[in-house]
Amino acid sequence: MDEKQLLHGLATNDRKSIEAIYQGSYNSIQSLIVNNQGSVDDARDIFQEALIVLYEKVRQGDFELNCQIRTYLYSVSRRLWLKRLQKQKRLYAEWEDADELVSVDTDLDRHEQEDADYERMERSIQQLGEPCKSLLEAYYLRKQNMASIAAEFGYTNADNAKNQKYKCLMRLRKIFFNE
Amino acid sequence: MNETNMGDLNILETVERYIRGEMNPDERAHFEHYRKNHPEVDQLVVEHTLFLQKLNRFGEWKKFRQTLQAVHTDLAESGKIEATRLAGRAKRVYLWNRYKRTGAIAASIAGITTLGISALVFFLSSKGAGSQFEELNRKYHWLATRSQQQGNEIDAIKKNSNAAATVSYTKGGTGFLVDPKGYLVTNRHVINQAKQVAVQRGDQEYTAEVAYIDTERDLAILRITDQRFKSSGYLPYGLSKKSASLGEPLFTLGYPRDEVVYGQGYLSARTGYEGDTMSYQVEIAANQGNSGSPLLNRNGEVIGILNGRQSDQQGFVFAIRSQEILATLQAFRKSLKQERIYLPTQSRLFGMERTQQVKRIQDFVYLIKVN
């Protein structure tokens, strides 16, 4: 697979492509972080966040990286890790980079906004409580159909489940927009 | 449910069917006309389209993150990425010892038989010069291969339980008695994958076994199985049920060497490594081998057990809270069928001078040796 195909795979949550990207880039980013006061767990978190930044980019239809995937991920991870160190007010020395760097500013800005959005949605869904939370997750996130949801949640028919689902959705909208 | 709410629900449903393209052409034309003449419905369509997009994106983002976790686990387990093998530098490091020396122990009844070579090794190790360490390592290696054979002998001993054998211990830490009958607490990582365990104080060495493991708390309970061990009556210290205060002066006794070492310091934060609420952060000198050392306050109450140190330049030391030790002991007590163990919560060291306290405590703190 060439890099463009990998990016398309990433955009569609294709396991094989994600594995290939992971394998091609993870180790160098782990050494970056572990050599700069981080743990293996930090490395995993940062690397996965970098993959999300890339995922968001390609989901917007932007497949032009102008560099190798690994260079892109390295540059993003480096920025994310620096930011986290600064946030924790930990001292860090300027470090030598094993890889070349590319500018990722715009992508990181967008990522921050999207991240805030996801977090807001997550919090809103948490506030819903049950059964609304599970009901909406089943329908909108797992894309189950109404009949199977009715059966799973114990509604007598799909119409009742649907009615309940709309009530829940109204509440979710209210929480989300009032936050 | 009142009228307007029901009406809202219906509109929302209609809008959603419209957005999802679930309407037939007639219905669609009708709705579009309606939408044109009703700005509030028009706005709802725009707004709800946006909201459903957000919800949808959120769902896919969640799925993507799940895939990432699964991929990470798979690749790490199959060794395609280094994640499980490489240890981070600024991670918590456990304070157990990789032994650079060997001890001899009678694995069965006799308890006296020692190989001449191990006595020599002990002797050399106390001098500790660089070149001698070289020599030591070699001897250690020699002993290790030897003890492999001896390991087989031990298996044989277990069957006919008659002869004595030598065991070389490869790592160690500290532990302290929590029940005078011979139960000690230490860190789980000290006895991790142990084949044999012995405890030592001064020149007395006793065989022991792992009685209970609490992986979540990184705690383990050892039982001294050696028949030569005699219960020493009561414990001088108790495990505190209360939390220690910030800045409280503390002291510890442990075995970073073969000899017990005293250290003192203070509580520097109420949480441990990365905000771990089961632990404290302590400012105290602790080295490899201090894992499992009791941490006591001025009243001689155990407030925690040392278990790790941050490996970056700051070198914070961490201790698991005494309440967690008590919880592990409770769980252990439940797992016992016949024997009852005692939960020490009373200290008998109130108001004593530190030197007196230490004198009383040191008889209850042991070097843990693990093979």
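The values are calculated or read from the model by the stated rules, or taken from the named source; none is laboratory data. Computed from a prediction, not measured in an experiment: that's the story for all the values here. A quick note on method: Cβ atoms are made from the backbone with ideal geometry, for glycine too, and the neighbour counts reach across all protein chains shown.
Below, the figures for the structure above:
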read-out: Test for residue A:112: is it closer than 17 Å to residue B:57 by Cα, touching a helix residue (DSSP H, G or I) at 6+ places or on another chain (Cβ under 9 Å) and of a type outside the set (Gly, Ala, Ser); value: no
read-out: Residues being closer than 30 Å to residue A:34 by Cα and of a type in the set (A, V, I, L, M) - total across region B:33-87; value: 9
read-out: Residue within region A:3-17 that is buried (at least 19 other Cβ atoms within 10 Å of the Cβ) and at the interface with chain B (Cβ under 8 Å from one of its Cβ atoms) present; value: no
read-out: Selection count where residues are outside any strand (DSSP E or B) and within 23 Å of residue B:348 (Cα to Cα), scope region B:248-263; value: 2
read-out: Options A:139, A:72, A:55; residue that is in a helix (DSSP H, G or I), modelled with pLDDT of 85 or more, of a type outside the set (A, V, I, L, M) and in contact with a Lys or Arg (Cβ under 6 Å, 6 or more places away or on another chain); value: A:139
read-out: Of the criteria (1) out of contact with any strand residue (DSSP E or B) (no Cβ under 6 Å at 6 or more places or on another chain); (2) in contact (Cβ under 8 Å) with a residue 60 or more places away in the chain; (3) surrounded by 15 or more Cβ atoms within 10 Å (Cβ to Cβ); (4) not basic (Lys, Arg), which one residue B:299 fails; value: (2)
read-out: Complete set of residues in region A:158-170 that are touching a helix residue (DSSP H, G or I) at 6+ places or on another chain (Cβ under 6 Å) and either more than 7 Å from chain B (Cβ to nearest Cβ) or farther than 21 Å from residue B:54 by Cα (or both); value: A:158, A:161, A:162, A:165, A:168
read-out: Count of residues meeting criterion [at pLDDT 85 or above, surrounded by 10 or more Cβ atoms within 10 Å (Cβ to Cβ) and in a helix (DSSP H, G or I)] in region B:20-44; value: 12
read-out: Top-ranked residue of region B:205-240 - restricted to ones that are in a loop (DSSP other than H, G, I, E, B) and in contact with a Ser or Thr (Cβ under 6 Å, 6 or more places away or on another chain), ranked as nearest to residue B:183 (Cα to Cα); value: B:225
read-out: Criterion: within 20 Å of residue B:69 (Cα to Cα), more than 8 Å from chain B (Cβ to nearest Cβ) and touching a residue at least 60 places away in the same chain (Cβ under 8 Å) - qualifying residue of A:46, A:69; value: A:69
read-out: Residue satisfying all of: in region A:143-170; over 28 Å from the mean Cα position of the chain (by Cα) and in a loop (DSSP other than H, G, I, E, B); surrounded by the most Cβ atoms within 10 Å (Cβ to Cβ) among these; value: A:155
read-out: Any hit, region A:34-41, residues being facing chain B (nearest Cβ under 7 Å), touching a Leu at 6+ places or on another chain (Cβ under 8 Å) and under 20 Å from residue A:102 (Cβ atoms); value: no
